[in-house]
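A short worksheet on the structure shown next.
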Amino acid sequence: MRLPEPADLDRLADRGWPALEREELGGWTLRAADGVTNRANSVLTCGEVPDVEAAIERAERWYRERGLPAVFQVSPATSSDLVAALAAREYREHSRTDILVADRAEVVAARARDTSAPISTADTPPPDWLATWWAVDGRGGDAERDIVAKILSAAPALYAWAGTSGSPDAVARLALAGDWAGLYAVATLPAARRRGLARALAVALADAAGGRGVRHLWLQVLADNAAAHSLYSGLGFRPASQYAYWTERSG
C-alpha cells in the first residue's frame, strides 16, 4: 500500500478520537475535552498559520480560559517554525508515539490463535465495555469516564469484546473514517492476558469493517512499547508517521 501523508494521518486520528470542543485557528485546530486524554486537549498543527508566535499566544489564552495547559501535537506535518518556537518557550516534549498502517485484508488474513473466548462485534458497545477499558487504561474518576464516553460516541465506530458482554475480558474499538479505520482503546484485563485476545479483537474488527467499505487501517502506539509493536507488526502493520505532545511548563 502507498503510505499516506503525515497530515492526512493526523486528521484521520482527529476524526477517530474527536474533542468535545473545537475552534479553528488558521490551519490549526484548538481542541478541548476538560483535560481528558492528550489528543482531545491539544492543538492539531498539521496546517499553516500566518503568524506562528501570535497563534501560540492565542492558543495559550484559549486553554488558560478553560483551566488547561497549552498542548501542541507535533508531527512531521508540523512546521519547523512552530517546533523552534515551542522549544524557545521551554515547552516539554513527551509521549512520543508511532502511527502504523496496514491493509485491512492483510490484517484479516492474519491467523488469530484459539483464544478459548468468544469474540463479538457491534456498532455500539455493551454497557460494561467501557468498564473493562477504564479498568486497564482509565485515568481519573467517574467525571473523566463520562467524558470519555462522550468522545467515544462522537464518531462512528465498531466495538469488539472477548468473553461475555456483561463482563468482557478484553475490548477494542475501530473508528470509521471513510475507507480508513483506526484501532483504539485496545485493553485486556490482567487475568486474561497472554491468550491472544488483543490480536483476535483486531482481526475481528478488521473483518467486520469490510462491510463498511474500509480498505486501510491505522493505529497509534507509544514508541517505547516493544510488545505492542511486535503484536501489530505480526498483523501486517508498518510505520507511517509519528508525533509527540509538547506541553507548556507550569509556572
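The values are calculated or read from the model by the stated rules, or taken from the named source; none is laboratory data. Everything numeric in this text was worked out from a predicted model, so none of it was measured. Quick reminder, even Gly has a Cβ in these numbers, built from the backbone with ideal geometry, and neighbours come from all protein chains shown. Side chains are part of the model used for accessible areas, which takes the heavy atoms of the whole protein and leaves out ligands, DNA and RNA. Shrake-Rupley method; radii C 1.70, N 1.55, O 1.52, S 1.80 Å.
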Subject >> Restricting the stretch 18-48 to residues that are of a type in the set (D, E) and part of a loop (DSSP other than H, G, I, E, B), the residue that is surrounded by the most Cβ atoms within 10 Å (Cβ to Cβ) >> reply: D34
Original post:
Which number in (1) open to solvent by 30 Å² or more (accessible area, probe 1.4 Å); (2) more than 20 Å from G236 (Cα to Cα); (3) of a type in the set (A, V, I, L, M) marks the one condition that A208 misses?
Top reply: (2)
**OP:** Scan the stretch 175-188 for residues that are free of Cβ contacts under 8 Å to residues at least 40 places away in the same chain and under 19 Å from R199 (Cβ atoms) and jot them down.
**Re:** L183, V186
**OP:** Being part of a helix (DSSP H, G or I) and of a type in the set (S, T, Y) is the filter; apply it to the stretch 184-232 and report the residue that is nearest to the chain's Cα centre (by Cα).
**Re:** Y232
Subject >> Any pair with Cβ under 7 angstrom, 6 or more apart, that starts in the stretch 85-103 at a residue that is at positive phi and ends at one that is open to solvent by less than 20 Å² (accessible area, probe 1.4 Å) >> reply: S95/A244; S95/Y245
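Please work out if L235 is part of a strand (DSSP E or B) and either open to solvent by less than 20 Å² (accessible area, probe 1.4 Å) or in contact with a His (Cβ under 8 Å, 6 or more places away or on another chain) (or both). Walk me through how you get there before you give the answer.
On the way: part of a strand (DSSP E or B): no; either open to solvent by less than 20 Å² (accessible area, probe 1.4 Å) or in contact with a His (Cβ under 8 Å, 6 or more places away or on another chain) (or both): yes.
The answer is no for L235.
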Original post:
So is R66 basic (K, R) and more than 30 Å from G234 (Cβ to Cβ) or not?
Top reply: yes
Subject >> Test for A240: is it open to solvent by 10 Å² or more (accessible area, probe 1.4 Å) and without any contact (Cβ under 8 Å) to a residue 24 or more places away in the chain >> reply: no
Original post:
Considering only residues of the stretch 7-48 that are in contact with a Lys or Arg (Cβ under 9 Å, 6 or more places away or on another chain) and β-branched (V, I, T), which is farthest from D81 (Cα to Cα)?
Top reply: V36
Original post:
When the residues of the stretch 120-157 are filtered to those that are buried (at least 20 other Cβ atoms within 10 Å of the Cβ) and not in a helix (DSSP H, G or I), which remaining residue is modelled with the lowest pLDDT?
Top reply: P125
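Yes/no matrix, rows are residues, columns are (1) open to solvent by less than 50 Å² (accessible area, probe 1.4 Å); (2) closer than 21 Å to Q73 by Cα:
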{"residue": "Y159", "(1), (2)": "yes, no"}
{"residue": "P168", "(1), (2)": "yes, no"}
{"residue": "Y184", "(1), (2)": "yes, yes"}
{"residue": "R195", "(1), (2)": "no, no"}
{"residue": "L219", "(1), (2)": "yes, yes"}
{"residue": "H229", "(1), (2)": "yes, no"}
Subject >> Residue list for the stretch 76-96, filter: open to solvent by less than 10 Å² (accessible area, probe 1.4 Å) and either outside any helix (DSSP H, G or I) or within 23 Å of E5 (Cα to Cα) (or both) >> reply: L82
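Of all residues in the stretch 1-17 being touching a residue at least 40 places away in the same chain (Cβ under 8 Å) and surrounded by fewer than 19 Cβ atoms within 10 Å (Cβ to Cβ), which is farthest from V107 (Cα to Cα)? Outline the logic, then answer.
Kept after step one, since they are touching a residue at least 40 places away in the same chain (Cβ under 8 Å), are these residues of the stretch 1-17: 1, 3-7, 9-10, 12-13, 15-17.
The next check asks that each one be surrounded by fewer than 19 Cβ atoms within 10 Å (Cβ to Cβ); those that pass are 1, 3-7, 15.
On the way: M1: 13, L3: 16, P4: 18, E5: 21, P6: 22, A7: 24, R15: 22 Å.
That would be A7.
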